[in-house]
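What follows is one structure encoded as structure tokens, with my remarks underneath.
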Amino acid sequence: MGPVHAAWAVLGLAPLLVLGIPPVWTQPEQVHLSYPGEPGSMLVTWTTFNKTGSTVEYGVMGGRLFDMAAKGDATLFVDSGTEKRRMFIHRVTLTGLKPATAYVYHCGSDDGWSDVFSFTALNDSSSFSPRFALYGDLGNENPQSLARLQKETQLGMYDVVLHIGDFAYDMHEDNARIGDEFMRQIQSIAAYVPYMTCPGNHESTYNFSNYRNRFSMPGRTESLWYSWNLGSAHFISLSTEVYFYLEFGLELLFKQFEWLEKDLQEANRPENRAVRPWIITMGHRPMYCSDDDQDDCTKFDSFVRRGRNDTKPPAPGLEDLFYRYGVDLELWAHEHTYERLWPVYGDKVFNGSKEQPYVNPRAPVHVVTGSAGCRERTDRFNPNPKAWSAFRSTDYGYGRMQVVNTTHIYLEQVSDDQYGKVIDSIWVVKEEHGFSAWF
Ligand SMILES: [Fe+2]
């Protein structure tokens, strides 16, 4: 090649040398599980940045590795930030799993496989006593409880994790790279046990698009609201955010409310409630709290609790609905504190008895656990809580719950500040469930 041709060749390459060639991203990452609600199933979700196939290869632990395979598909998610970053979210549902059996799996395609993970298929018996970790408000920065949760999950202490809204702080930031990094952070939990979620206010940017695209909850609501069963409990996950971000559609609020009522009616059919008498809700913003931050839950006319009168038509709140259908336990977050309430309805305490407040309580029991750790640190309490406030802590930490059987649920709160010490615990005991149990 003569000197002139060589010069042209270099010039021809120049744009590539200046801009760089983007790396090929076919390696699966951000692997996480969710429970689709059908006994014997598990859904695997992961991300690649280039398009690849979507396969999970799996097998019974101790058996032949990867002797089964399931295929799914991928959806393109384009973040709405300035870079319009693109990623492929892969979803594969495994079915026909043997209950309570441990499986080993990896996910990806012939363009790249993930690490090898394992999970135990959920026991579908109504006499199963599932164990949960529960928390909200866990961020990419200052994720105080994360290491403890990672280790405890890997030790097999939990069957399911409930993340009650507010992820990453915030998933959309840095053109959704914060979301990517957060999903990598929780992989060491979420690739091993179903990671069940609901949306919080920190997911609201671009109409919750990072939340709706990255998680894969049951139902067809892009993970906004759904229900599922495990052991002797019926779980309902909901969006409290429909009460606040009306710009994304007031109709969502009414749609959810209508769905909630139908779902509660179904759960209350005598044959259903006999098998799964516990009804447990999870939503991000509490109806009640005694923090000093002027949030919705600090107000008597909390939108979540009492609804909104400034909409057309007025929007019903959730307290009466949940009371009417005998919801037993309501799990919340958002406040970066822990607060346990006495059984409460209409701002009044309805303990089972003076000696045993949580034995046959005459109203739903509320627990707020939103101090897993994030860049906003913890919140402060108002010095004069109302009568319904039973126990409060500003330590970083998270909750544990076991639905033991049809009459007993155990709940406790772990302090990360106190090196994993259990700082609060209760047994909720109910011999009767449903609306009639309040009287
Ligand atoms: Fe929040």
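Any chance you could count how many residues in segment 394-413 are in a strand (DSSP E or B) and either within 17 Å of residue 159 (Cβ to Cβ) or of a type in the set (Ser, Thr, Tyr) (or both)?
Total meeting the criteria: 11.
Looking at (1) in a loop (DSSP other than H, G, I, E, B); (2) in contact (Cβ under 8 Å) with a residue 24 or more places away in the chain, find the lone condition where residue 220 falls short.
If we test residue 220 against (1) in a loop (DSSP other than H, G, I, E, B); (2) in contact (Cβ under 8 Å) with a residue 24 or more places away in the chain, just (2) comes out false.
To keep it simple, each residue is scored yes or no on (1) out of contact with any Gly (no Cβ under 8 Å at 6 or more places or on another chain); (2) modelled with pLDDT under 95; (3) within 24 Å of residue 272 (Cα to Cα).
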site	(1), (2), (3)
85	yes, no, no
106	yes, no, no
109	no, no, no
117	yes, no, no
124	no, yes, yes
129	no, no, yes
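Given the conditions (1) of a type in the set (A, V, I, L, M, F, W, C); (2) in contact with a Lys or Arg (Cβ under 7 Å, 6 or more places away or on another chain); (3) within 16 Å of the ligand (Cβ to nearest atom), and given that residue 183 satisfies all but one, which numbered condition is not satisfied?
With (1) of a type in the set (A, V, I, L, M, F, W, C); (2) in contact with a Lys or Arg (Cβ under 7 Å, 6 or more places away or on another chain); (3) within 16 Å of the ligand (Cβ to nearest atom) applied to residue 183, the lone miss is (3).
Counting only residues that are acidic (Asp, Glu) and either exposed (fewer than 15 other Cβ atoms within 10 Å of the Cβ) or over 14 Å from residue 371 (Cβ atoms) (or both), how many does segment 394-439 have?
Result for segment 394-439: 3.
Conditions tested, residue by residue: (1) over 15 Å from the mean Cα position of the chain (by Cα); (2) closer than 19 Å to residue 413 by Cα; (3) part of a loop (DSSP other than H, G, I, E, B).
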{"site": "144", "(1), (2), (3)": "yes, yes, yes"}
{"site": "177", "(1), (2), (3)": "yes, no, no"}
{"site": "187", "(1), (2), (3)": "no, no, no"}
{"site": "227", "(1), (2), (3)": "no, no, no"}
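In segment 236-243, is there at least one residue being surrounded by fewer than 19 Cβ atoms within 10 Å (Cβ to Cβ), within 16 Å of the ligand (Cβ to nearest atom) and either at pLDDT 95 or above or within 21 Å of residue 138 (Cα to Cα) (or both)?
No, there is no match, as no residue in segment 236-243 is surrounded by fewer than 19 Cβ atoms within 10 Å (Cβ to Cβ), within 16 Å of the ligand (Cβ to nearest atom) and either at pLDDT 95 or above or within 21 Å of residue 138 (Cα to Cα) (or both).
Out of segment 117-131, which residues are hydrophobic (A, V, I, L, M, F, W, C), closer than 12 Å to residue 158 by Cβ and either in contact with a Cys (Cβ under 6 Å, 6 or more places away or on another chain) or assigned to a loop (DSSP other than H, G, I, E, B) (or both)?
122
Say we look at segment 343-393 and pick out the residues that are outside any strand (DSSP E or B) and of a type in the set (Lys, Arg); which of these is surrounded by the fewest Cβ atoms within 10 Å (Cβ to Cβ)?
Top of the filtered list is 354.
For segment 196-235, give me the residue count where each residue is within 16 Å of the ligand (Cβ to nearest atom), polar (S, T, N, Q) and under 30 Å from residue 407 (Cβ atoms).
Total satisfying the criteria: 1.
How many residues are touching a helix residue (DSSP H, G or I) at 6+ places or on another chain (Cβ under 7 Å), without any contact (Cβ under 8 Å) to a residue 60 or more places away in the chain and not aliphatic (A, V, I, L, M) when one looks only at segment 253-291?
Qualifying residue count, segment 253-291: 4.
Within segment 341-351, can you find the residues that are in contact (Cβ under 8 Å) with a residue 40 or more places away in the chain and not basic (Lys, Arg)?
Within segment 341-351, 341, 342, 344, 345, 347, 350 qualify.
So for segment 128-148 (the condition being more than 30 Å from residue 420 (Cα to Cα) and of a type outside the set (Phe, Trp, Tyr)), does at least one residue qualify?
The answer is no; no qualifying residue exists.
Every residue in segment 112-142 that is closer than 22 Å to residue 400 by Cβ and crowded, with 22+ Cβ neighbours inside 10 Å, please.
119, 122, 132, 133, 134, 135, 136, 137, 138, 139
Does segment 270-277 contain any residue that is surrounded by 20 or more Cβ atoms within 10 Å (Cβ to Cβ), within 16 Å of the ligand (Cβ to nearest atom) and assigned by TED's automatic domain parsing to the domain that holds residue 195?
There is no residue in segment 270-277 that is surrounded by 20 or more Cβ atoms within 10 Å (Cβ to Cβ), within 16 Å of the ligand (Cβ to nearest atom) and assigned by TED's automatic domain parsing to the domain that holds residue 195.
Could you grab me the full set of residues in segment 242-296 that are assigned to a helix (DSSP H, G or I), more than 25 Å from residue 363 (Cα to Cα) and among the aromatic types (Phe, Trp, Tyr)?
Across segment 242-296, the qualifying residue is only 248.
Within segment 168-190, how many residues turn out to be touching a Leu at 6+ places or on another chain (Cβ under 7 Å) and buried (at least 24 other Cβ atoms within 10 Å of the Cβ)?
Summing the residues that are touching a Leu at 6+ places or on another chain (Cβ under 7 Å) and buried (at least 24 other Cβ atoms within 10 Å of the Cβ) in segment 168-190 gives 1.
The values are calculated or read from the model by the stated rules, or taken from the named source; none is laboratory data. Given the structure is predicted, the values throughout are model-derived calculations rather than measurements. Quick reminder, even Gly has a Cβ in these numbers, built from the backbone with ideal geometry, and neighbours come from all protein chains shown.
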